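The values are calculated or read from the model by the stated rules, or taken from the named source; none is laboratory data. Given the structure is predicted, the values throughout are model-derived calculations rather than measurements. Using ideal geometry, Cβ is built from the backbone for each residue, glycine included, and neighbour counts are taken over all protein chains shown.
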Amino acid sequence: MQIAGARITSEGELIIEAHRYRTRERNQQDAVVRLEAFLERAAHPPKKRHPTRPTRTSAEKRLESKRRRSKIKRERKGEE
């Protein structure tokens, strides 16, 4: 259900619109192909995310940018 997103109605129906081609038959074929791809994607559960720690460099960059921003705000107040 989550993979469907906004394409699923409150009644639980999946809506696939196809307007890519000029003819109705080609659009129906396109919709069927897209439905098959959607079902194939939904059949496989998403990979589990393993939480990782930020690198030392990224943590230092983040803290440095916070210090810079804090300094700008302090100077604006007239404190330093």
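Miscellaneous remarks
- Flag for ARG53 being touching a helix residue (DSSP H, G or I) at 6+ places or on another chain (Cβ under 9 Å) and either exposed (fewer than 10 other Cβ atoms within 10 Å of the Cβ) or modelled with pLDDT of 95 or more (or both): yes
- Among residues of the stretch 23-48 that are closer than 19 Å to ILE8 by Cα, those with a Cβ under 7 angstrom from a residue that is of a type in the set (Ser, Thr, Tyr), sequence gap 6+ or separate chain, pair up as ASP30/TYR21.
- LYS61 being modelled with pLDDT of 95 or more and either under 26 Å from ILE15 (Cα atoms) or assigned to a helix (DSSP H, G or I) (or both): yes
- Boolean, THR52 is assigned to a loop (DSSP other than H, G, I, E, B) and of a type in the set (S, T, N, Q): yes
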